[in-house]
Structures are given as C-alpha cells and as structure tokens.
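Data first, discussion second: the structure below is written as structure tokens.
Since every read-out is calculated from the coordinates, none of them should be taken as a lab result. This structure is a prediction, so every number in the text was calculated from the model and none was measured. Because the Cβ atoms are built from the backbone with ideal geometry, glycine has one as well, and the counts that use them run over all protein chains shown.
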Amino acid sequence: MLEAILGGLRLVATLDLRLWEIVALSLAVSLSAVALATLLGLPLGAAIAVGRFPGRQAAIVVLNALMGLPPVVVGLFIYLLLSRAGPLGELGLLFTPSAMVIAQTVLVLPIIAALARQAVEDAWREYEEQLRSLGVDGLRGALTVLWDIRFSLLTAVLAGLGRASAEVGAVMIVGGNIDGVTRVMTTTIALETSKGDLPLALGLGIVLIAIVLALNAGAHLVKQAAERRYG
Amino acid sequence: MGLAAAAIVGFITVASTTSTEQSGLFRHLLAAFEQKSGVQVRVVALGTGQALDMGKRGDADVVFVHAKALEEKFVAEGYGVKRFEVMYNDFVLVGPKSDPAKIGGTKDTVAALRKIKSAHAPFASRGDKSGTHFAELQLWKMAGIDIAKEKGPWYRDTGSGMGPTLNTAAGMNAYALTDRGTWLSFKNRGDLVISVQGDQRLFNQYGVILVNPAKHPHVKKDMGQAFIDWIVSPEGQSAIAAYKIGGEQLFFPNASR
Amino acid sequence: MNGILPLRLEDVSFAAGGRTLIERVSLTLEPGSSTIVLGANGAGKSVLMRLMHGLLAPSSGRVAWSTQGPRRRQAMVFQRPVMLRRSALANVLYALDAAGVPAEQQARLAREALEEVGLTHLAGRPARVLSGGEQQRLALARAWALHPEVLFLDEPTANLDPGATREIEAVIKAFDVSGTKIVMSTHSLGQARRLGDEVIFLHQGRVVERAPIERFFPQPASPEAAAFVKGELPWA
C-alpha cells in the first residue's frame, strides 16, 4: 500500500494538466455550492433561532435531520428534476457543472442552517435582553447576532465545505462524470478505483485531503486573528 | 476540410457504457472527431440499461451500447431512429491461476460454464443490466443452466460496473466474464488470468443509434447524425482500428453501409 | 413636552416556573427623585426592574407609562454589560441607530457620551477587550447618548471593584443631575444612601415599605427591612 501511495504522489507531482483541471473544477463546484448555501442558510438559521412561530420545534428537528441527507438520494432527486423527462428539463442543466452546484447546495444548506441556528440561539441567550432593551428585535436582532458571531460561524461553513468536497453520490448522478466537463476529484477517484488504477486514485485522494486541510487551516488562522482583534 | 482544428460549434451528449469508456477508446476516438467537426462529444458512461434509459428520457442525443436485442427494441419502440453496427470486441472469461474448475485453455465457453457450476467455483457477475451482464446471461442459457434458479453462494451478484466486478473477482479469486478492453487496462488483477477466449460466442457487437427527435424535439439531430456518419465512415472506422493497448488492438470495426 | 413619566404599576404580578416572583405590586414612579429598589437576593428586584422596563410582561395587572413614548425614552444598564464585537464608539453608534436617531447627529452624540463617561481615549478599542469597569462605563455611555427620561440600573456595580464602582456612581450622579430619573436596584446599603432619594424595599416579591432615604435610614419601619438593614436577612 505504501508503494501505491508513493506511486500516486509521484503521478500527482508531475503536474498533469488534466489533473489540475479536475482539481480546479472540484473547487469551483464545492466553493460555489458552499457560498450559495451560506448566503441562504445563515439568515434561515438565524431566523429560526430567534423567531417564535407555531411549528418551530418541528422545523428545528427537520432541519437537523436534513443534515444527514444521503448525497446519492439528493443526486437522484435533482436528476429527476433536471432530466428532460422531468419538470425542469427545459433548462438543459443536466450533466453540467451548474447541476452539480445545485445538488451540492441542497446537500450543504441544511448543515449550515442547522449549525447557524444552534450558534445564534446560544448567542441570543447572551444578547437578547440588551438588544431588546435597545429596541432591537426580530430579524434585525438576529442579523446583529449573526454578524457578531461571524467568526464562530466559520465552523459551520467549514462543515458544509467538508461535506461538499467529500461527496461523490450527488455529483456523479447529476454530472455524469463526463471527461473534461463534469469530472471532479471524487468521481475521478471512484472511476480510477473501479478501473483498478489504485495508485492514481490514492494520489488524488491525498491531494483532496491536502486541499481540505489547507482550507481548514486557513480558516483557523482567520478565526484566531479575528479573536485577537475583536475580543 | 483543412488540417487546422475546427472551432467548437456545440456539443452532443452520448450515452455509452462503462466498459467502452474504461477501455480508453473514447479519449482516443473523440479527439479526432472534435478536431474535424468542431462538435464536442460529452460521454456519460453508465451501464447499457441505464444508457438506453437515458435515451428514452431524452437526456442524451446518441446512444452507443453493445446489446443488440435491447438496441433493436429501443428502435422498434420509437425511441431511436436507426441502428448502425460500428465495431465488435470480444469477451474473455478470466479466473484464478489455480483454476479450480479446470477450464484453462479451452475455447468452449459453454462447457466451461458448466464445469464452473458443477465445481461450485466462485463466479463474480455484474448483475447490473449491462451489455456484459446480458451476454453472460445468454451464455448460461446456452449452457442449459437457469442461473437465476440454480445459482448458489458460489455465484456473486455484485450489481456493479466492470471494474468493480473485476476488483471483487480479484479479491475473491473468482471467475468473471469481462470485455477484453477493460481487462487490458485493468491494473488490479491479483491472481487472475484469461481462462477462456476466442470462442465465437464471446463476440460483442456495438451499435450506435440517434435518439428520435420526433419523441424529443430538443435532440441535436444534425450534430448527432454527423457523429454517427463519421464513426461508420472509413475515417472513423480506421480510427477505431488504430486504438491499441500494449500493441494489442481492442476493437474491430465492422460497420456496413 | 409630554414625558413618559409617571410610570404606574397596577396590581402587577409575575409568575414563572410555577412560582410567584412578584406579587400584586402597585406603585407609581414620579419624575425627579432617584428611586432605589432594595432587597435581599431573591426578593425579586431584577424581575421588578424588567417588568418596569418592559422586558417581561406581567402575568396579571398593568404596567402603564404616561405617554407611549419611543423606546429610547428609557434605557437600562444590566449587571453584566453586553457589548457587540465592535469598537467602543461603534457600540454607542449602534444604540443610536437602533433608536432611530438621524445619521447626521449620531457621531456627535456618540462622542459626547464617551467624553461624559471618560472613555474618549478608548473610543477605537474593541469593546470586548475593555475591563469590566470600562465596559460598564461604556454601557452608561450608550444610555447617555440616548438622553433617556428614565434610566434603569440592575445592580450595576455588583461585579466591580471599589475603584470602578466609584467611577460608575459618579456617572450615575451625572445622569441624575442632567434630569434623567434613576431607578436602580442594589443590595449595597452604602450605595443606596449615596445615590438615592427614596427607597422601595422588596421582600419575597412584595413591596413591603417605601420611604424617603432620610426616613428609611437609620430606622426602617417594616420588620423585614429592619432585619435586612441590620444584616440579618441576606437571602429572601
């Protein structure tokens, strides 16, 4: 196995253009999905945290449960939506990177929203009285808290990014793993493994892990710098 | 028709099989077509059953698979315009070097299968409605074995593509039916070798069909037809013949016009 | 100008978790005098403050201001100050913005408030890195910027050392002098004497005695208050 790992790293080190195209596409798809999910998920989580409405507890339970959506099920669902035989077939989005972004956004949105909800709810306990005393309530209060705890929300975003970059089921089904168009790191690893080319698959796996580690390390440094600055 | 590459004018979606994709044929073949026509060919590689299903749903412009009976049904039911034969390759029966069923060297696939069954030697099947799976079922039928009823724990239905099935076979030291193309580029062989080859019944015919624009008006029929025309033309046919792995030719063009 | 005072509590009760925390309190707060709410731990001081300020709704009875003024007419400082992760100045600006003060006036009012409490030199510092005493002064600056009619303070110096406490008391006196009505809860007799004009003594959720400072100290009329002042009633 050590041989396979070294072989893989050697292949990767030769900087094959195709490989880096695949890496670039993986990052583009996953980062776009996480960005979209963050834009939608943070306000959603904050609203549920602070709001008082009938069915709130049920909404929290459902949101938490959706964190565990199986990627392959999401993929199938989006495929049926985007297929020509399906309701959104006219858009011609199937087997494009856009479809992959959509599927991953659906997958990641509950994670970010649920974690944001928890974080905002915890923080709201600290802020609520003072903010209400100042006449700040409802949505404005939720957004104030959201912005104030922005650096601890980074953890939620990273969790979403981890999920997006690791999954293969959704992007495989809605993307079709088309060479040069919708092939990303995880689907390539799956393909090379199934072809029995384990050294290449391992090499790619190591690159994927390294990238995710780097992103996490970067985020951690940002968090620390912010804590020093803002207290 | 100069030597310079044509500018990209559009793309078509071709539903094909994992075995064809994994043999590496497409990477070699499609570059030539794209250079000449400017049409980018996007291949979605699934099992034969799935590929034809994609054609029925209108998610592909062209299907390119290897299961004649299913293809003819596809056209008969109105999903495809016309079936053209393109090329053939062959299947081989691979198995462990130790050869528990004692079939090494024979050309008679049917007799070999009978021996495998009576020896209860482990056999890994694709079980995924693919062209290869279909061919395997035909061979059991020819051997007079109703495999659905008569299989035992020695028969492993992996429900997966050719590569994963071979991975399983290598891991379990089992026999398996595979196309030669996948076998030649498969790197994780373990103790497996070719046990049976050269039998006429292991012949595997490929066909290409344009998805019917009457059923799916959005199908790119001009570009799709251009692809079909090219692949059965002398130019396309010799491109197919030129593809080799380790000096060995994988696919044998046999289009007739 | 119509002020929001007097504030009338009519037969106000508050229960939570099956326990009655405030029982049938009726009182009127007039403008002018500083009111100290005194009582042992658990007597219900914090709850009463929050009922008056409007953070809690009474279970029964009515809390009525004279006119329904905008929120900014009253402000509250809590035992633990809660600051946003921004600079000291930005925190004051936030309060002004929330109160609907026009943008052109916000900067001036904020700087005046910081100067009043002596925090001008820390205006750009992140509020959360300030010391406890500085943060509490900042909370007072935040309230000062709004020029409220009523300032509620819930045990504002309970967590501070004597030096910081003196600084806070100085600011509270400045509020008083500027015309803001002070309503403050404390369990410190010395602080009550230093800052208050009248005392409302709370025992087990009921108002047991209300008297001007000179009459309450040295001898409260009610036995519970007397015991408390003698130091025999630290817990209700």
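Worth pointing out:
- By other beta-carbon atoms within 10 Å, ranking A:178, A:111 with the fewest at the front produces A:178, A:111.
- Averaged over the residues of A:194-202, the number of partner chain Cβ atoms lying within 10 Å of the residue Cβ comes to 6.
- The angle between the Cα long axis of helix B:109-119 and the main principal axis of chain B comes to about 40°, on a 0 to 90 degree scale.
- Only the Cβ atoms of Lys and Arg (+1) and of Asp and Glu (-1) were treated as charged; on that basis the dipole of the range B:25-163 about its Cα centre amounts to roughly 320 debye.
- Charge dipole (chain C, unit charges on Cβ, about Cα centre) - positive-most of C:54, C:12, C:190: C:54
- Relative to the longest principal axis of the Cα atoms of chain B, the long axis of helix B:48-57 lies at roughly 30 degrees.
- Label-zone membership for the range B:195-229, site residue B:248, 7 angstrom Cα→C-beta point, backbone N under 14 Å: B:195-199
- With helices as the sole contributors, chain C gives -10500 deg cm²/dmol at 222 nm; each DSSP H run of n ≥ 4 counts as -39500 (n - 2.57), and the sum is divided by every residue.
- Centre separation in Å (Cα based) which lies between the range B:14-74 and the range C:162-178: 82 Å
- Extension gain, residue C:64 back to residue C:214 (0.36 nm per residue minus Cα-Cα distance, nm): 51.1 nm
- Percentage relative contact order, chain B, counting C-alpha pairs under 8 Å, at least six apart: 29 percent
- Calculated [θ] (222 nm, deg cm²/dmol) that DSSP helices of n ≥ 4 give over chain A, each run adding -39,500 (n - 2.57): -27000 deg cm²/dmol
- Relative contact order of the range B:114-257, pairs being alpha-carbon contacts under 8 Å that are 6 or more residues apart, as %: 19 percent
- In the range A:55-150, the trypsin sites (Lys or Arg not before Pro) that fall in loop regions by DSSP, at most 13 other Cβ within 10 Å: none
- Relative to the dominant Cα principal axis of chain C, helix C:132-145 is inclined by about 80°.
- Loop-located GluC sites (Glu not before Pro) across the range C:180-236 with a Cβ neighbour count of 13 or fewer within 10 Å are C:232, with loop assigned by DSSP.
- Between residue C:15 and residue B:36, the modelled label-to-label distance comes to 9.0 nm, taking each label 7 Å out from Cα in the direction of the beta carbon.
- Rough spin-label spacing in nm, given labels placed 7 Å along Cα→Cβ, for residue B:76 and residue A:140: 7.3 nm
- Charges were assigned to the Cβ only: +1 to each Lys and Arg, -1 to each Asp and Glu. The resulting dipole of the protein assembly as shown about its Cα centre is roughly 680 debye.
- Exposure proxy order (Cβ contacts within 10 Å, fewest to most) of C:8, C:86, A:18: A:18, C:8, C:86
- Once the Cβ-Cβ distance of residue C:174 and residue A:155 is raised to the sixth power relative to R0 = 45 Å, the FRET efficiency obtained is 0.55.
- Fully extending the segment from residue B:157 to residue B:191 would add 10.2 nm, taking 0.36 nm per residue of separation and subtracting the current Cα-Cα distance.
- Cut-off under 5 Å, modelled amide H: who pairs with residue C:87 long-range: C:127
- Residue-by-residue Karplus 3J(HN,Hα) for the range C:206-211, coefficients 6.51, -1.76, 1.60, Hz, glycine and proline x: 10, 7, 9, 7, 9, 7
- Highest-first packing order for the peptide set B:153-166, A:209-222, B:225-238, B:45-58 is B:45-58, B:153-166, B:225-238, A:209-222, based on the mean count of other beta carbon atoms within 10 Å.
- Using the Karplus relation 6.51 cos²θ - 1.76 cosθ + 1.60 with θ = phi - 60°, the per-residue 3J(HN,Hα) values for the range C:125-131 come to 6, x, 4, 6, 9, 6, 6 Hz, with x marking Gly and Pro.
- Whole-number percent relative contact order across chain C, with pairs defined as alpha carbons under 8 Å at least 6 apart: 28 percent
- Amide N proximity, the range C:81-120 versus residue A:228 label position 7 Å along Cα-to-Cβ, cut-off under 19 Å: C:86-87
- Highest average first, the peptides C:98-105, A:200-207 ordered by how many other beta carbon atoms sit within 10 Å of their residues are A:200-207, C:98-105.
- Between residue A:27 and residue A:209, the simple label model (points 7 Å from Cα in the Cβ direction) yields a spacing of 2.0 nm.
- ³J(HN,Hα), Karplus 6.51/-1.76/1.60, whole Hz, each residue of the range A:30-40, x for Gly, Pro: 5, 5, 4, 4, 5, 4, 4, 5, 5, 4, 8
- Between the residues A:25, A:75, A:114, the greatest Cα displacement towards the positive end of the dipole of the range A:1-141, with unit charges on the Cβ of Lys, Arg, Asp and Glu, is found for A:75.
- For a paramagnetic label modelled on residue A:118 (point 7 Å from Cα along Cα→Cβ), amide N atoms under 15 Å away belong, within the range A:137-155, to A:152-155.
- When only the Cβ of Lys, Arg, Asp and Glu is charged (+1, +1, -1, -1), the dipole of the range C:76-153 relative to its Cα centre reaches about 400 debye.
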